[in-house]
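Some notes on the structure that comes next.
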Amino acid sequence: DRLDELTGALSKLEHYCERTDASLVTQIASLGDELREAQTKLADSTKMQIDAESQAALRGRQHAELKREFTKTMTQCCAEQNEARSEICALTKIRGELYKIEGAKLFITDCAVSDWVVAECSAKCGGGIRKLVRTITVAPNGGAACPPLTASETCNTQPCPVDCRLGAWSGWSACSARCGGGVRQRSRHVKVPAAHGGEPCERTEEAEACNTQSCNRNCILGRWSGWGTCNKGCGGGVSVRKRIVKKPAIGTGRCPKPTHSSRRQFKSCNRKPCTALLPPGRSYLHCRTKLDVILVVDSSGSLGSYGWRQSKKLADVLVAALSAEKDADIKVALLEFSSRRKTKWITHLTGGTTQSDVQGMKWFRSGTATDMALTMARGEFLYGRTDASPVVLVITDGKPSSTRRTLMAARRLQTKAKLVWIPIGRRAPVRLINRMAASPKRDHVVRFYDFRMMTDKALINRLIGSTCPAVN
């Protein structure tokens, strides 16, 4: 048993290590994804920075070149303007001298005009037309005629500003964490980007906190179910009601076991004594429930010859009582167990059991491989009926050869069938059996304190009542 316990502890530790390893691998993979995403963003940002620096250098060179060209053009324009003014002044003097030579006495005046008056541009951007108007300030008298008094020019040729236009927000993404605070995001795309000094785009991504509840939460239980049917037809049975787990525990949160009083409750029912149901002339109750029953009989050497004979008598009475009701549909299988080599099926569920099958059993007089018998009984229900209630009756007097394996086998069997223990004799492992039995113990453990009591009618009727929810 110590070796089995250490093996079990090692198995649990290995299972814990596997879960921890799987969790760490998942976390490492997640962090690796985040690292790769951050590296991608860093690479994109670095490229954008290099592009921006390159564009800035190019714009700087273009600005310097335009500045040099502007300075050169303005210098040339001023020189040409000064040269034109000098030429006009010289021509005016030459004209006056020529008139003097000819003896003409004229007061010659050239036309003079005002500065241009500039009208408002026809468009604020994208190219418009504006008119220029000037007036004659000095009328010509034999001199130069007046230049045009009206003109037009293009204006506001710069492109019109374009405001940013955004699409609708997308739905929120899944939260990055189930608890402890995560982040969810949503985004929207740019339909029309801002240009030429237009209104810039508002943010295209949003994030908000989600699942901020603590990761350590106790489970939440649902409502109580209705009370079930009574598990016994007489002699004081129980009905059960349960609560399922509505929301499981998270992290280090706790949740009561299915057998805890906060999840399972019992209520007494059918308290009428079973003997009150017996008609005159009958000693034992008859079962009226559709059952698949496996009768497991201990054949170990600790029974002694008298104990073995009494065990066969009890099995014989049970087979007769379970088969007595003509209208009942009950199948009985018989399994005799001792050591691992001396455990065998006498009959199966598919064939049924008679009293002669019980009487033909031979005493093995060997060990007590109870765990093997329970495991074999569990496998037998593969051949059982889906609409029949499965029940296992175990008649035993000795301590199992492996306590740990028997506990595990009993738990697995109880997930498939009702398990009723029948400890016989004073040396029966009652404490262990009570530990393995389901609640309420009274309905799953029927003890015969002495081999002589194994023919006690009241105890046998109690056992039949514990096996059958409905009796006659």
- Task: Please work out the Cα convex hull volume for the stretch 8-140 and give it in Å³ per residue.
- Result: 158 Å³
- Message: Using Cα-Cα distances under 8 Å and only pairs 6 or more residues apart, what relative contact order does the chain have, in percent?
- Response: 10 percent
- Item | Other-chain or far-sequence residues with amide H under 5 Å of VAL332's (modelled H) | VAL293, GLY352, THR353
- List the equivalent ellipsoid semi-axes of the stretch 236-322 in whole Å, largest first, each obtained as the square root of 5λ for an eigenvalue λ of the Cα gyration tensor. 39, 23, 12
- Item | P(r) histogram, all alpha-carbon pairs of the stretch 309-435 included - 5 Å bins from 0, percent | 2, 10, 20, 25, 22, 14, 6, 1, 0
- When the Debye formula is applied to the Cα atoms of the stretch 365-463, each taken as the same point scatterer, what base-10 log of I(q)/I(0) results at q = 0.24 Å⁻¹? -1.35
- Item | Total charge dipole magnitude, the chain, about the Cα centre, Cβ charges on Lys, Arg, Asp, Glu only, Debye to nearest 20 | 4660 debye
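Packing-wise, with mean Cβ within 10 Å as the measure, how do 90-101, 320-331, 400-411 rank, highest first?
400-411, 320-331, 90-101
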- Task: Express the Stokes-Einstein translational diffusion coefficient of the stretch 195-262 in µm² s⁻¹, to the nearest whole number, given a Kirkwood radius over alpha-carbon pairs, 10 °C and a viscosity of 1.306 mPa s.
- Result: 93 µm²/s
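At 222 nm, what helix-only mean residue ellipticity would the chain give, in deg cm²/dmol to the nearest 500, using -39500 (n - 2.57) for each DSSP H run of four or more?
Result for the chain: -12500 deg cm²/dmol, rounded to the nearest 500.
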- Three principal axis extents, largest first, for the C-alpha atoms of the stretch 79-125, in Å? 58, 27, 9
- Can you give me the Cα centroid spacing of the stretch 350-400 and the stretch 449-467 in angstrom? 18 Å
- Using the Kyte-Doolittle scale, which helices in the chain average at least -1.0 and also have C-alpha atoms spread 20 Å or more along the helix axis, with helices defined as whole DSSP H runs? 2-101, 304-324
- Would you please state the base-10 log of I(q)/I(0) at q = 0.10, 0.17, 0.19, 0.22 1/Å for the stretch 136-235, with intensities from the Debye formula using one equal scatterer on every alpha carbon? -0.69, -0.96, -1.03, -1.13
- Cross-link table LYS342/LYS416; LYS344/LYS418; LYS232/LYS457; LYS290/LYS416; LYS242/LYS418, entries beyond 19 Å C-alpha to C-alpha: LYS342/LYS416; LYS344/LYS418
- State the volume of the convex hull built on the alpha-carbon positions of the stretch 267-373, expressed per residue in Å³ and rounded to an integer. 148 Å³
- Using eta = 1.306 mPa s and T = 10 °C, Stokes-Einstein with Kirkwood Rh from Cα pairs puts D for the chain, in µm² s⁻¹, at 48 µm²/s
- Estimated D of the stretch 344-396 in µm² per second, where Rh is the Kirkwood radius over Cα pairs and Stokes-Einstein applies at 37 °C, 0.692 mPa s: 256 µm²/s
- Sequence-distant or interchain residues sharing an amide H contact under 5 Å with VAL471, placed H: which? GLY233, ARG288
- Task: Work out how much length VAL240 to LYS416 would gain on full extension: take 0.36 nm times their residue separation and subtract the Cα-Cα distance, in nm to one decimal.
- Result: 61.6 nm
- Query: What is the distance, in nm, between label points placed 7 Å from the Cα along the Cα-to-Cβ direction at GLN62 and at SER122?
  - Reply: 3.0 nm
- Message: Applying a 10 Å radius around every beta-carbon, put 120-128, 35-43, 146-154, 302-310 in order of their mean neighbour count, most first.
- Response: 302-310, 120-128, 146-154, 35-43
- Cα-derived Rg to Rh of the stretch 1-73, Kirkwood definition: 1.72
- GluC sites (Glu not before Pro) restricted to DSSP loop in the stretch 170-243 with at most 12 other C-beta within 10 Å: GLU202
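Show me 56-65, 270-279 ranked by packing, highest mean number of other Cβ atoms within 10 Å first.
Details: 56-65: 10.0, 270-279: 14.2.
Ranked by mean Cβ neighbours within 10 Å, highest first: 270-279, 56-65.
The numbers here are math on the coordinates, done by the rules we state, and not lab data. Only a predicted model underlies this, so the values are computations on that prediction, with no experimental measurement involved. Here Cβ is always computed from backbone atoms with ideal geometry, including for glycine, and neighbour counts include all displayed protein chains.
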